[in-house]
Amino acid sequence: MKTYPIHFILSSLVLMFLLSACDDHRFPGLAPSQLRLKTVTEVIGSNQLTSEFSYDQQGKLSGIKTYRKDTARLEFTSYIYDNQSKLVQIQRTIQTHLTPDPPRTKTDRYSFGYAGDDQIAEIRYTNNAVDSLNFICKPTYNSANQIIGNYVESFNGYQYNQFTTQFTYTNKNLTSARITFLPTGQVSEFDFLYDTKVNPFYGIIMPIATLNLDPVTISPISVFVYPAKNDGIANLMSLSQNNPTSDGYYDFVYTYNNLGLPTSRTAFRAGFPDRIVMGTLYFEYESY
């Protein structure tokens, strides 16, 4: 893993698969097990954040409710599909409440546009925060329908940013990513290692939920999947079929159930002998 000279976090924008073909979230290789995510809980020290997943009658992800144990943060995320089951919008409402201050609310919207072959052609993001962020992301694909890169433009009211990404795969796992910031040419590179088990988030678009009380408002870099310092409930690389065991910054250790699905993921600082725990995710599944 190499970084120069800015340590930004990979914006991978979970767009690996044809959303129009995804009628449910049955895990690949495990059908007809008919298991799906029920809850994911992140624990960092004494702080705890839980996300509860809900699905529509066709089995598509329809909503996520996320809350902190101390009730200081509450999120509702809804997924809107068209009559062909294509995802057209994600809307997330975030409420934070630090007494004695009144509650603060922010609403994120992600709108998806499609090309004629049903691939996602662009994602447009807006929010209603004071420093409102707007961005547009345009992914590119290879013949296997894997995202091999994207181009992102963003504006937060006073600053305009551009960057491009290039992805390299080994089979169905993203093994390296290169981010180039424009017009400076500054580059960050990330390398990934994996286990051989099923990634329960593979192909799920899920905005970050974070233990931070102040919602992200001005950075497009970590809007989707890859939160800094393991800070957030999210699929770590949902562009990949298997679970990452290293990203160069952190090492990840899993426990699994008898089907090979992870039941926990603990993050440690990579390259340090102290093995300090940076955070743990706990996964719960349900039959359907």
Scanning region 95-104 for residues that are surrounded by 14 or more Cβ atoms within 10 Å (Cβ to Cβ) and without any contact (Cβ under 8 Å) to a residue 40 or more places away in the chain gives Gln95, His97, Arg104
Quick one: would you say Phe155 is surrounded by 14 or more Cβ atoms within 10 Å (Cβ to Cβ), more than 21 Å from Ser238 (Cβ to Cβ) and among the aromatic types (Phe, Trp, Tyr)? yes
Which one of these does Thr105 not meet: (1) in a loop (DSSP other than H, G, I, E, B); (2) closer than 25 Å to Asp70 by Cβ? (1)
Looking across region 162-174 at residues that are touching a strand residue (DSSP E or B) at 6+ places or on another chain (Cβ under 6 Å) and surrounded by 17 or more Cβ atoms within 10 Å (Cβ to Cβ), the single one that is farthest from Ser238 (Cα to Cα) is Phe163
Every pair of residues 6+ apart whose Cβ atoms lie under 9 Å, when the first sits in region 180-208 and is in contact (Cβ under 8 Å) with a residue 24 or more places away in the chain and in a strand (DSSP E or B) while the second is open to solvent by 40 Å² or more (accessible area, probe 1.4 Å) and among the small types (Gly, Ala, Ser): Val198/Gly29
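The values are calculated or read from the model by the stated rules, or taken from the named source; none is laboratory data. Just so we're clear, the structure is a prediction, and the values are computed from it rather than from any experiment. Note that we place each Cβ from the backbone using ideal geometry, even for glycine, and neighbour counts take in every protein chain shown. Note: areas computed on protein heavy atoms with side chains; ligands, DNA, RNA excluded. Shrake-Rupley method; radii C 1.70, N 1.55, O 1.52, S 1.80 Å.
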